[in-house]
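**Student:** I'd like to ask you about the structure that follows.
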Amino acid sequence: GGGRVMDLVKAPPLSPAQRGVLLRALPSDAAAALAAALEAIGTACTIRDALDTLSHAAEVLGLRLKAVDKKSERAVLAQLRAELLGALSAEHDPAAALALVVPLLFMRATGKAVAVPGKTLAAVLARCSSGSSSSGRASASGLSPEALASVEAFHAQVVEHLVLMGGGGGGGTDAAARQARLAESLAQQLPAMKCLAGLEQDRE
């Protein structure tokens, strides 16, 4: 049902071995078409290229892909946004909260949903800042450059805090003190991050 949207977003991708098992279970012509589609999608330069390749594979299989229903797409995005905001409302861990804030900002900036692995947070934030300027004009996400800069700074502190927690700071009293200061700073900034993601706005 619709309440499982988050499960679909969080579902891990199939491994190459798992995909191979599935392909071998299909008739040879179907397996060949899907294998070609998988390879092409992995190297596609744009989403349009990927969709064209998938459409061709569907034709080979005698299938017809249904055109995107914009109304249904908007409904799914609205539900996903509500679920992300609900999860963010209950989240107190800065790193976990950031992993919810960034997709929400991306959704506002592009009208699209995206799964954001931790290593790609910086790149997705850069996409959210598209259209901003030094004159203070809001970005595509509707946030000012200053607001986006605060999210980027929060991200940098989260990364440093995680490194220190993992012993990457070399240990010792100084590292422990720095870790404690970062934890306090992140906790203080968390309400503002939630507000930027739209949580307080939705409550009004």
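The values are calculated or read from the model by the stated rules, or taken from the named source; none is laboratory data. No experiment lies behind these values; they were computed from the predicted model shown. Cβ atoms come from the backbone with ideal geometry, glycine included; neighbour counts cover every protein chain shown. SASA here: full protein model, heavy atoms, side chains in, ligands and nucleic acids out. Shrake-Rupley method; radii C 1.70, N 1.55, O 1.52, S 1.80 Å.
**Student:** Restrict the check to segment 82-90 and report whether at least one residue is modelled with pLDDT under 75, in contact with a helix residue (DSSP H, G or I) (Cβ under 9 Å, 6 or more places away or on another chain) and either in a helix (DSSP H, G or I) or open to solvent by 30 Å² or more (accessible area, probe 1.4 Å) (or both). Can you show your working first?
**Tutor:** The first filter runs over segment 82-90 and keeps only residues modelled with pLDDT under 75, leaving none.
Taking every residue of segment 82-90 in turn, none turns out to be modelled with pLDDT under 75, in contact with a helix residue (DSSP H, G or I) (Cβ under 9 Å, 6 or more places away or on another chain) and either in a helix (DSSP H, G or I) or open to solvent by 30 Å² or more (accessible area, probe 1.4 Å) (or both).
**Student:** Within segment 49-71, is even one residue in a helix (DSSP H, G or I), at pLDDT 85 or above and surrounded by fewer than 12 Cβ atoms within 10 Å (Cβ to Cβ)?
**Tutor:** Going through segment 49-71, the residues in a helix (DSSP H, G or I) turn out to be 49-60, 70-71.
Of the ones still in play, those that are also at pLDDT 85 or above are none.
No: segment 49-71 contains no residue that is in a helix (DSSP H, G or I), at pLDDT 85 or above and surrounded by fewer than 12 Cβ atoms within 10 Å (Cβ to Cβ).
**Student:** When the residues of segment 156-167 are narrowed to those that are surrounded by fewer than 12 Cβ atoms within 10 Å (Cβ to Cβ) and farther than 28 Å from MET107 by Cβ, which ends up nearest to the chain's Cα centre (by Cα)?
**Tutor:** To start, the set of residues in segment 156-167 that are surrounded by fewer than 12 Cβ atoms within 10 Å (Cβ to Cβ) comprises 156, 166-167.
If we keep only those that are farther than 28 Å from MET107 by Cβ as well, we get 166-167.
Working: GLY166: 24, GLY167: 27 Å.
It comes out as GLY166.
**Student:** Going by what's in this entry, would LEU148 be described as modelled with pLDDT of 85 or more, open to solvent by less than 50 Å² (accessible area, probe 1.4 Å) and either within 24 Å of MET165 (Cα to Cα) or touching a strand residue (DSSP E or B) at 6+ places or on another chain (Cβ under 9 Å) (or both)? Walk me through how you get there before you give the answer.
**Tutor:** Working: modelled with pLDDT of 85 or more: yes; open to solvent by less than 50 Å² (accessible area, probe 1.4 Å): yes; either within 24 Å of MET165 (Cα to Cα) or touching a strand residue (DSSP E or B) at 6+ places or on another chain (Cβ under 9 Å) (or both): no.
Against the criterion (modelled with pLDDT of 85 or more, open to solvent by less than 50 Å² (accessible area, probe 1.4 Å) and either within 24 Å of MET165 (Cα to Cα) or touching a strand residue (DSSP E or B) at 6+ places or on another chain (Cβ under 9 Å) (or both)), LEU148 does not qualify.
**Student:** Take ALA122 and decide whether it is modelled with pLDDT of 80 or more and closer than 26 Å to ALA75 by Cβ.
**Tutor:** Values: modelled with pLDDT of 80 or more: yes; closer than 26 Å to ALA75 by Cβ: no.
So ALA122 fails the test.
**Student:** Also, I was wondering about something else. Condition first: closer than 16 Å to LEU100 by Cβ, open to solvent by less than 40 Å² (accessible area, probe 1.4 Å), modelled with pLDDT of 85 or more and not basic (Lys, Arg). Can you find one or more residues in segment 172-186 that meet it? Walk me through how you get there before you give the answer.
**Tutor:** Residues of segment 172-186 that are closer than 16 Å to LEU100 by Cβ, as a first pass: 186.
Cutting the leftovers down to open to solvent by less than 40 Å² (accessible area, probe 1.4 Å) gives us 186.
Cutting the leftovers down to modelled with pLDDT of 85 or more gives us 186.
Still in the list and also not basic (Lys, Arg): 186.
Among the residues of segment 172-186, at least one is closer than 16 Å to LEU100 by Cβ, open to solvent by less than 40 Å² (accessible area, probe 1.4 Å), modelled with pLDDT of 85 or more and not basic (Lys, Arg), which makes the answer yes.
**Student:** LYS112 versus (1) modelled with pLDDT of 95 or more; (2) open to solvent by 60 Å² or more (accessible area, probe 1.4 Å); (3) assigned to a loop (DSSP other than H, G, I, E, B): which is the lone unmet condition?
**Tutor:** The one condition LYS112 does not meet is (1).
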